[in-house]
Amino acid sequence: MKIVIASDHGGFQYKGILLDEIQEQGYDIKDLGAFDDSPSDYPDFAAIIARAILKGEAEKGILICGSGVGVAVAANKFKGIRAGVCHDTYSAHQCVEHDDVNVLCIGQRVIGIELAREIVACFLKASFSNEERHKRRLKKIIAIEKKNMK
């Protein structure tokens with residue numbers, strides 16, 4: 001599976017740790033920035049991740065900022081991106097299984113690194129359930145997106 005990861009300065013430390021560990025687990029992962037901890041703007045990295053996924057360069061993305069919220073808000077502005085803030089393991093797999101989330105957003109200032117590791121593992125291992133009720137709901141989300149994101 002191809003994965004992209006990015007952060008602003010608020011998530012830079014966790015990005016480095018998680019990037020190395022994800023590579024060690026055998027995933028094909030690409031770092032899209034930030035490349036240092038200088039103050040930076042999270043919407044820029046959310047856009048980079050969203051575009052990479054929409055171009056087919058990756059199946060899933062991971063965004064890290066201080067809270068996880070800013071990157072999620074920015075990433076969700078892109079048609080076809082479903083970004084979710086997850087600070088627990090249940091949400092990390094359930095959002096993929098039920099909602100086909102393709103971008104995980106976490107906050108370095110909100111959770112510890114051990115929990116972040118577990119959340120990322122749950123997110124990456126999860127796949128969409130293809131159950132009828134989840135497909136029906138996803139179709140409704142896509143319809144809303146088509147109508148409102150021109």
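Laboratory data are not the source of any read-out in this text; all were calculated from the coordinates shown. Model, not experiment: these values are computed from the prediction. Cβ coordinates were reconstructed from backbone atoms using ideal geometry, including for glycine residues, and neighbour counts include every protein chain displayed.
Couplings 3J(HN,Hα) for the range 52-57, derived from phi with the Karplus relation 6.51 cos²θ - 1.76 cosθ + 1.60 (θ = phi - 60°), are 4, 5, 5, 7, x, 6 Hz, where x marks Gly and Pro. 3J(HN,Hα) along the range 28-42: 8, 10, 10, 8, 9, x, 4, 9, 7, 9, 5, x, 9, 10, 4 Hz, from the Karplus curve 6.51 cos²θ - 1.76 cosθ + 1.60 with θ = phi - 60°, whole Hz, x for Gly and Pro. Close amide H partners of Lys30, meaning residues 5 or more places away or on another chain with modelled amide H under 5 Å apart, are Ile3, Val4, Ile5.
Averaging 1/r across all pairs of distinct Cα atoms in the chain and inverting the result yields a Kirkwood radius of 15.1 Å. Karplus-derived 3J(HN,Hα) values for the range 106-114, using 6.51 cos²θ - 1.76 cosθ + 1.60 with θ = phi - 60°, are 9, x, 5, 8, 10, 10, x, 5, 5 Hz; glycine and proline are entered as x. Between the amide H of Cys65 and those of Ile106, Gln108, distances stay under 5 Å, these residues lying 5 or more places away or on another chain, with hydrogens modeled in the peptide plane. Name the most mobile residue of Ser91, Ser67, Ser38, meaning the one with the largest mean-square fluctuation, in a Gaussian network model of the chain with Cα contacts below 10 Å. Highest fluctuation among the options: Ser38.
Counting only lysines at least 8 places from Lys2 when in the same chain, those with an alpha carbon closer than 23 Å to its own are Lys15, Lys30, Lys55, Lys60, Lys77, Lys79, Lys125.
Look at the dipole of the chain built from charges on Cβ: of Gln23, Leu115, Cys86, the Cα furthest out on the positive end belongs to Cys86. Cα centroids of the range 112-132 and the range 6-52: 17 Å apart.
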